[in-house]
Amino acid sequence: MANTTTQEVIENGEKIDVMYITIESTIALASVLGNVLVVLVVAKNQGLRDPTFCFIVSLALADIAVGVLVIPLAVVISLGLMTPFYTCLFISCLLVMITQSSILSLLAIAIDRFLRVKIPTRYSTVVTQQRAWVAVGMCWILSFLTGLVPMTGWHRSPPKNASTELIECQFINVISLNYMVYFNFFGWVVAPLTIMAGLYAEIFRIIRRQLLRRAEATLDSSKYYRKELNLAKSLALVLFLFALCWLPLHIMNCIVFFCPKCSVPRSVFSVGIFMSHGNSALNPLVYAFRIQRFRDTLCQIIQRFILCRTSTSPIQHDAGPITEKTQATTERQ
């Protein structure tokens, strides 16, 4: 009877591992394919090559990294392979880095959209494409630095012979919950999300005020603010989905940290992990369904390169930012 029970436990564990790997692999494939298309769309359509879409490309690259790097490493960690302590710690840090780059890219997008509606006449001189790419580089550098903080000593106690002794490589065996809750969650998730929520609230307030004040505005100025409103709604939806997918996992970490006697089932943690990784596959869907310029270019890429059909309609390039003349007219009214 004991042998039979042990065998059943092993088989059930293997089934869970296979199911976990299958779901993660599906998410990884969807994330990589979807976000590669995002990069291709921006590269193909000159009308999308503005600072906002520089940050969107940065977010897409982070989501590609989730599919190519984070999910495979998460699967390795879930299997509990035996590795040296600091090897496992570095792998775990990589998982945190990519999350940080996504958050900082979202913050850069929110700041960009705020400046777009706050200073429409000076936006094109203040936020240039070159400065946008510099900001993207700074976001990635900062994400790597914050992700590597555990390597400086903020981690769980290593074994006495850390260089030679092997441990079961699990995230919770090397990363301190102090770091994950106080530094990572409160400092680099809650704070940026709060700032972004405030920025989008102000963006919608400004646009609403401008639309109400410009009942007799020119067609170009009205079109400008309505276009900004639609894009802001789409990007705010991206932010909402990020919070919806990532907060459950962080909240579970807080529960375990602040209430050691409380137990969170492994299956619930797995769902939280799936949600956080699945967020990377959602953003391309938001762009495709919510942004007309993006959708039109995506359809043409799919027709030409995937379905091998020749498209007769050219890719639109006429939906970029309004001209300085139109902006000046908009601000004077």
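The values are calculated or read from the model by the stated rules, or taken from the named source; none is laboratory data. Predicted, not measured: the structure shown is a model, and the values here were computed from it. Here the Cβ is made from the backbone with ideal geometry for all residues, glycine too, and neighbour counts use every protein chain on show. Accessible surface areas use protein heavy atoms only, side chains included; no ligands, DNA or RNA. Shrake-Rupley method; radii C 1.70, N 1.55, O 1.52, S 1.80 Å.
The alpha carbons of the chain stretch over 81, 46, 33 Å along the principal axes, in descending order.
Comparing Gln303, Gln210, Gln100 in a Gaussian network model of the chain where C-alpha atoms under 10 Å apart are linked, the largest mean-square fluctuation is found at Gln303. Surface analysis of the chain yields an accessible area of 51 Å² per residue, using protein heavy atoms and a 1.4 Å probe. For the stretch 107-123 versus the stretch 250-288, the inter-centroid distance based on Cα atoms is 31 Å. Using a probe of 1.4 Å, the accessible surface attributed to Leu193 totals some 30 Å² when neighbouring protein chains are kept in position. Among the cysteines of the chain, those with no neighbouring cysteine Cβ under 4.7 Å are Cys54, Cys93, Cys139, Cys245, Cys254, Cys299, Cys308. Against the main long axis of the alpha-carbon atoms of the chain, helix 266-290 sits at an angle near 20°. Computed with a 1.4 Å probe on the full set of protein chains, the accessible area for Glu202 sits at about 50 Å².
Using heavy-atom solvent-accessible surface (probe 1.4 Å) with all chains present, what is the largest-first order of Val149, Val271? Let's see the in-between values first.
Details: Val149 30, Val271 75 Å².
Sorted descending by solvent-accessible area, the residues read Val271, Val149.
Evaluated over the chain, the count of Lys pairs having alpha-carbon atoms less than 24 Å apart is 9 (only pairs 8 or more residues apart or interchain). Across the protein chains, with a 1.4 Å probe defining accessible surface, the residues Arg293, Arg122, Arg209 rank Arg122, Arg209, Arg293 from largest area downward. The residues Ile302, Ile195, Ile64, sorted by heavy-atom accessible surface at 1.4 Å with ligands and nucleic acids left out, run Ile195, Ile302, Ile64 from largest to smallest.
Between helix 51-65 and the chain there is an angle of about 20 degrees, using the helix long axis and the longest principal axis of the Cα atoms. Between helix 129-147 and the chain there is an angle of about 20 degrees, using the helix long axis and the longest principal axis of the Cα atoms. Using only the Cα atoms of the stretch 91-134, build the gyration tensor, take square roots of its eigenvalues as a ≥ b ≥ c, and label the shape rounded, prolate or oblate: rounded if a/c is under 1.5, else prolate if a/b is larger than b/c, else oblate. Taking the square roots of the gyration eigenvalues as a ≥ b ≥ c, the stretch 91-134 is oblate. Using all alpha carbons of the stretch 112-215, what is the percent of pairwise distances in each 10 Å bin, ordered from the shortest bin to the longest? All Cα pairs considered, the percentages come to 12, 26, 25, 17, 12, 6, 1, 0.
Considering Cα pairs under 8 angstrom that are at least six residues apart, work out the relative contact order of the chain and quote it in whole percent.
Relative contact order, the chain: 25 percent.
Comparing Asp112, Asp17, Asp50 in a Gaussian network model of the chain, where Cα atoms under 10 Å apart are tied by springs, the biggest mean-square fluctuation is seen for Asp17.
Would you work out if the stretch 230-299 is rounded, prolate or oblate? Take a ≥ b ≥ c from the square roots of the eigenvalues of the alpha-carbon gyration tensor; rounded if a/c is under 1.5, else prolate when a/b is larger than b/c, oblate otherwise. Prolate shape, in that a/c is at least 1.5 and a/b is the bigger ratio.
With a 1.4 Å probe and every protein chain kept in, tell me what percent of the accessible surface of the chain is carbon plus sulfur. C and S fraction of accessible area: 66 percent. Within the full protein context, the accessible area of Thr26 is estimated at about 90 Å² for a probe radius of 1.4 Å. Over the chain, dividing the summed -39,500 (n - 2.57) contributions of all DSSP H runs of at least 4 residues by the number of residues returns a 222 nm mean residue ellipticity of -24000 deg cm²/dmol.
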